[in-house]
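A.B. asks: One structure, as structure tokens, below. Some questions next.
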Amino acid sequence: MTEIDVHEAKTNLTKLLVRVENGESFSIIHKDKVVAVMVPPRDVAQIKANDAYGQLIALRAKSPIGAVREVMDWKNEGRS
């Protein structure tokens, strides 16, 4: 992904938008830090899916539920 300084992005926004439309992606840099990312709309769905997957993995690490057999044992606990 190409990095572009915020001043250059402001100056060339229209040209950058055309390039994004054609499939390119850019990181906007301000004071040596990425502050924004320009990506084509088709990439947004993939980014959201990756983010959701990462959140699910983090949630599972915080509170692992166990194997299916263990869950079924919990469910059947106390039944005769």
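A.B. asks: Please go through the stretch 1-29 and pick out each residue that is surrounded by 15 or more Cβ atoms within 10 Å (Cβ to Cβ), closer than 18 Å to R42 by Cβ and among the β-branched types (V, I, T).
C.D. replies: Within the stretch 1-29, V20 is the sole residue that qualifies.
A.B. asks: Further, regarding this structure: When you go through (1) under 14 Å from the mean Cα position of the chain (by Cα); (2) of a type outside the set (D, E, K, R); (3) more than 13 Å from I4 (Cα to Cα) one by one for M38, which number turns out not to apply?
C.D. replies: Among (1) under 14 Å from the mean Cα position of the chain (by Cα); (2) of a type outside the set (D, E, K, R); (3) more than 13 Å from I4 (Cα to Cα), the lone unmet condition for M38 is (3).
A.B. asks: Report the residue count in the stretch 38-80 for those that are in contact with a helix residue (DSSP H, G or I) (Cβ under 8 Å, 6 or more places away or on another chain) and within 23 Å of I28 (Cα to Cα).
C.D. replies: Adding up the residues that qualify gives 3.
A.B. asks: Check the stretch 6-29 and report whether any residue there is touching a residue at least 24 places away in the same chain (Cβ under 8 Å), in contact with a Ser or Thr (Cβ under 7 Å, 6 or more places away or on another chain) and among the aliphatic types (A, V, I, L, M).
C.D. replies: Within the stretch 6-29, none of the residues are touching a residue at least 24 places away in the same chain (Cβ under 8 Å), in contact with a Ser or Thr (Cβ under 7 Å, 6 or more places away or on another chain) and among the aliphatic types (A, V, I, L, M).
A.B. asks: Considering only residues of the stretch 41-77 that are among the small types (G, A, S) and at pLDDT below 80, which is surrounded by the fewest Cβ atoms within 10 Å (Cβ to Cβ)?
C.D. replies: Per the criteria, the residue is S63.
The values are calculated or read from the model by the stated rules, or taken from the named source; none is laboratory data. It should be emphasised that the depicted structure is a prediction, and the values quoted were computed from it without experimental measurement. Cβ: placed from backbone, ideal geometry, glycine included. Neighbour counts: every protein chain shown.
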